[in-house]
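What follows is one structure encoded as structure tokens, with my remarks underneath.
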Amino acid sequence: MTHRTSDTAPDTAAASLLETDPPRHTRLRSLVSSFFAGRRIPSFEPLIAAEVDALLDGPLPRPRPLRAPR
């Protein structure tokens, strides 16, 4: 994997935690680590379930008609 250095990584969503090097990586990790602590993971279940339900209940893509080969 190619890592970007903190001085070349753009300040955008594309510059994820995985793509950064210290000291920026350390700073970003300290900001989000408590959010992903094991004790917090169960609290995500209702949100994830609601998102899955919305995706499954949403409109299905319209099927294309089947045509016999000529």
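What follows is calculated from the coordinates using simple rules that are stated; it is not laboratory data. All of these numbers come straight from a predicted model, not from anything done at the bench. Note that we place each Cβ from the backbone using ideal geometry, even for glycine, and neighbour counts take in every protein chain shown.
Points to keep in mind about this one:
- Options Leu47, His25, Phe36, ranked by Cα towards positive dipole end of region 17-57, top entry (Cβ charges): His25
- Where labels lie 7 Å past Cα in the beta-carbon direction, separation of Val32 and Ser16 in nm: 0.8
- Fraction of C-alpha pairs exceeding 16 angstrom in region 17-57: 55 percent, rounded to a whole number.
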